[in-house]
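What follows draws every value from the coordinates through simple rules; no lab data is involved. What you are looking at is a predicted structure, and each value in this text was computed from that prediction instead of being measured. Virtual Cβ from ideal backbone geometry, glycine too; neighbours counted across all protein chains shown.
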Amino acid sequence: MPRATGVTIRDVARRAGVSITAVSHALNGKGQLSEATRAKVIAAARALDYQADAFARGLRQGRIGALGMVIRGLDSLGEYAPEGVDVFARIAGVLASAALARGYSLTLLPDISRRPVPSLAFALDGYVVMSPHVDDPVVSLLDARGIPCVSYGRPLTGDGRTTASNWADEDNVWAAQQLLGILESAGARRIAFLRGTDLNAWNLDFTETYLRWSEASGIAPRVYEVAERDGVAGGQGIAARIHAEGMPDAVLCMTGRHAAGVQAYFRSQGLRMPRDLLLAAASDSEHARSASPAITAFEISPGEVAGPLIDMLVAILDGADPGEPRLARPRLHLRVSTDPGLR
């Protein structure tokens, strides 16, 4: 797939009103330039996003046999090794293995829509974007530069549309229906829902499914929101609010860290699970597995998504039809927190 030519050193020189040599000296810290001229060149290069293109043009034309991966969830968390969260590492490992099996290496990068941009960013053959946000700037940037990308997670526009077909995902709607059904079968009628703040298909699909369930059940929905990065402490804070607004029968959380926080708060109030409250999480983690009692959660299935997703990206690189989007079903781990026999 041809990619955009990009910005040249001539474009920078023209914008700054200086010679090409002056641009080269300014960007490489060489020559006898005034500070004002050097600053003007650097400002022009930044405005035109020249930095990364300069490195990319230094590589040979065509493929280099390397793919990039941007994990939007880790960008949102603000840390790249969150305690107790192994899902992103598992996904990256499985995708790397799938890429290697097809003759490509996989490079992990932070949010490439923010500066500083890693020099290698725009030289890679294509990208996997994990959990893209609504109108994701990383996807938009790659599209603008003609760099192929696929997404692990359904890409969405601001009005809720899915315009791209180059994606694979877990079946979020099915998973949400399963968890709500488990809680309902265990006797829960008043279910509070704790979602994250990331605007991605995972959060939005679960929220929409919960709202539909509430309407069908004739029960007023109780939706609470806390940033993913707030982790266990965020779950504790929201649990206190849930408690103050009226004790529910169950709480459904999107992350295992939030669920562990909810559990910790209610235990501090002398309540026991599952006797006094049912608790479930949409995403498994060490927090859910090691909680007391252990928390029912879904474990995603990267093994079922990684191969097809890399195949999709390679097909795009080869100019072939990537096929239809893929959906996989996560694996449910039923644990004591929703066990109706112990309620």
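Taking springs between alpha-carbon atoms closer than 10 angstrom, which of 299, 215, 228 fluctuates most in the Gaussian network model of the chain?
215
Taking amide H positions as placed 1.01 Å from N in the peptide plane, with prolines and chain starts having none, which residues 5 or more places from residue 167, or on another chain, fall under 5 Å of its amide H?
The list, which skips near neighbours in sequence, is 151, 326.
So what's the gap between the Cα centers of the range 111-158 and the range 180-255, to the nearest angstrom?
30
Using the number of other C-beta atoms within 10 angstrom as an exposure proxy, rank 133, 287, 333 with the fewest first.
Numbers: 133 21, 287 26, 333 15.
By the 10 Å Cβ count, ascending, the order reads 333, 133, 287.
With labels modelled as points extended 7 Å from the Cα through the Cβ direction, what inter-label distance (nm, one decimal) is found for residue 199 paired with residue 11?
Output for this residue pair reads 2.7 nm.
Search the structure for amide H atoms under 5 Å from the amide H of residue 86, placed 1.01 Å from N in the peptide plane, and list their residues when 5 or more places away or on another chain.
Amide H to amide H, under 5 Å and 5 or more residues apart or across chains, residue 86 pairs with 286.
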